[in-house]
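Below: the structure, in structure tokens.
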Amino acid sequence: MSLKDRISDEIKTAMKARDKVRLQTVRSIKKVILDRESEVRPLGQDGLTPEQEIEVVTQLAKQRKDSIEQYQNAGRDDLAEKEAEELAILQEYLPEQLSDDDIAAVIDELIAKTGATGPRDMGKVMGPAMQQMKGKADGGKVQALVKAKLAGS
């Protein structure tokens, strides 16, 4: 079952349960998926690939995280809490996130494979790292770990 089909089922379930937050969140996912599909149709693609669907949800989750931070800085805990509820729902559609230890292991392997020796070689490691961990790890966290490991080299 594609994410789009799963979202359609979730919309029906949320409507029956009268769960406004879930309904609003899954509708926002569906809207972005439909928008993205209309962008790729002229390119000859019928719908989104599973990877593209995960990108959509990852992007929405990142927006929620940024909003939470901004609302907390502005002292608007009520709005931050609402965004946190939506983020929790979005994370149900994302693959399980890698632990810091798993991320570090992948980075160590890539540093050894690419022969990166210092901060100048960050690009050699970041590209393959993000490709390998796409949707499974936060890019900022990966970047910070790569930077720390290469600075220590």
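Listed here are the residues, each with its yes/no results for (1) in contact with a Leu (Cβ under 6 Å, 6 or more places away or on another chain); (2) farther than 19 Å from Lys134 by Cα; (3) surrounded by 16 or more Cβ atoms within 10 Å (Cβ to Cβ).
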residue	(1), (2), (3)
Leu3	no, no, yes
Ser8	no, yes, no
Asp19	no, yes, no
Ser38	no, yes, no
Arg64	yes, no, yes
Asp78	no, yes, no
Glu86	no, yes, yes
Leu94	no, no, no
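Would you pick out the residues in the stretch 21-36 that are of a type in the set (Lys, Arg) and exposed (fewer than 14 other Cβ atoms within 10 Å of the Cβ)?
Hit for the stretch 21-36 is Lys31, nothing else.
Here is a list: Ile111, Ile107, Ile89. Which entry is in contact (Cβ under 8 Å) with a residue 60 or more places away in the chain and either farther than 20 Å from Glu10 by Cα or touching a helix residue (DSSP H, G or I) at 6+ places or on another chain (Cβ under 8 Å) (or both)?
The conditions single out Ile89.
When Gln97 is evaluated against the numbered criteria (1) out of contact with any helix residue (DSSP H, G or I) (no Cβ under 7 Å at 6 or more places or on another chain); (2) part of a helix (DSSP H, G or I); (3) not hydrophobic (A, V, I, L, M, F, W, C), which criterion, by number, is the only one it fails?
So the condition that Gln97 fails would be (2).
Yes or no, residue by residue, for (1) under 14 Å from the mean Cα position of the chain (by Cα); (2) at pLDDT 90 or above:
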{"position": "Leu34", "(1), (2)": "no, yes"}
{"position": "Val40", "(1), (2)": "no, no"}
{"position": "Leu43", "(1), (2)": "no, no"}
{"position": "Leu48", "(1), (2)": "no, no"}
{"position": "Gln52", "(1), (2)": "yes, no"}
{"position": "Ala61", "(1), (2)": "yes, yes"}
{"position": "Asp66", "(1), (2)": "yes, yes"}
{"position": "Gln72", "(1), (2)": "no, yes"}
{"position": "Gly75", "(1), (2)": "no, yes"}
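What number goes with the only condition from (1) under 22 Å from Gly135 (Cα atoms); (2) outside any loop (DSSP other than H, G, I, E, B) that Gln70 does not pass?
(1)
Checking Leu43 against (1) surrounded by fewer than 11 Cβ atoms within 10 Å (Cβ to Cβ); (2) in contact (Cβ under 8 Å) with a residue 12 or more places away in the chain, which test does it fail?
Unmet for Leu43, out of (1) surrounded by fewer than 11 Cβ atoms within 10 Å (Cβ to Cβ); (2) in contact (Cβ under 8 Å) with a residue 12 or more places away in the chain: (2).
The values are calculated or read from the model by the stated rules, or taken from the named source; none is laboratory data. Everything numeric in this text was worked out from a predicted model, so none of it was measured. Methodologically, a virtual Cβ is constructed for each residue, glycine included, from the backbone with ideal geometry; neighbour enumeration extends over all protein chains shown.
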